[in-house]
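Undergrad: Below you'll find the structure I mean.
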Amino acid sequence: MRVEAGVVQLIINMTYVYILKSFKYPKLYVGSTTNLERRFSEHNSGLSNYTRLYLPWFIVYTENFENIS
């Protein structure tokens, strides 16, 4: 919480926990991020060391949490 000129501001960042499943292999991946769309794209573009081995992926679960700083 931040106070500026008598106004209280809440800064809310959403954090996502997600589970991916490989289309081709019996593999699951659990991760967290503040930008789910970007992170999912990175996984399916081969930019993650582990997930590039088991492309392609699809999302089977997401849950979001609020972090107030």
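Please treat every number below as a calculation from the coordinates, not as lab data. From a predicted model like this one, the values you see are computed outputs, not experimental measurements. All Cβ positions, even for glycine, are placed from backbone atoms using ideal geometry, and neighbour counts span all protein chains on display.
Undergrad: Quick one: if you stick a label point 7 Å off each Cα along the C-beta vector at Phe65 and Phe23, how many nm between them?
TA: It is 3.1 nm.
Undergrad: Once amide H atoms are placed 1.01 Å from N in the peptide plane, what residues at a sequence separation of 5 or more from Lys27, or on another chain, have their amide H within under 5 Å of its amide H?
TA: Close amide H contacts, sequence-distant or interchain: Ser22.
Undergrad: Let me ask something additional. Through the Karplus equation 6.51 cos²θ - 1.76 cosθ + 1.60, θ set to phi - 60°, convert the phi angles of the stretch 36-46 into ³J(HN,Hα) values in whole Hz; use x for Gly and Pro.
TA: Per-residue couplings from phi come out as 5, 4, 5, 5, 4, 4, 4, 4, 7, 9, x Hz.
Undergrad: Let me ask something else about it. Show me, for the stretch 19-25, the HN-Hα J-couplings you get by feeding each phi into the Karplus relation (A = 6.51, B = -1.76, C = 1.60, θ = phi - 60°), rounded to Hz, glycine and proline as x.
TA: 10, 10, 10, 6, 5, 9, 10
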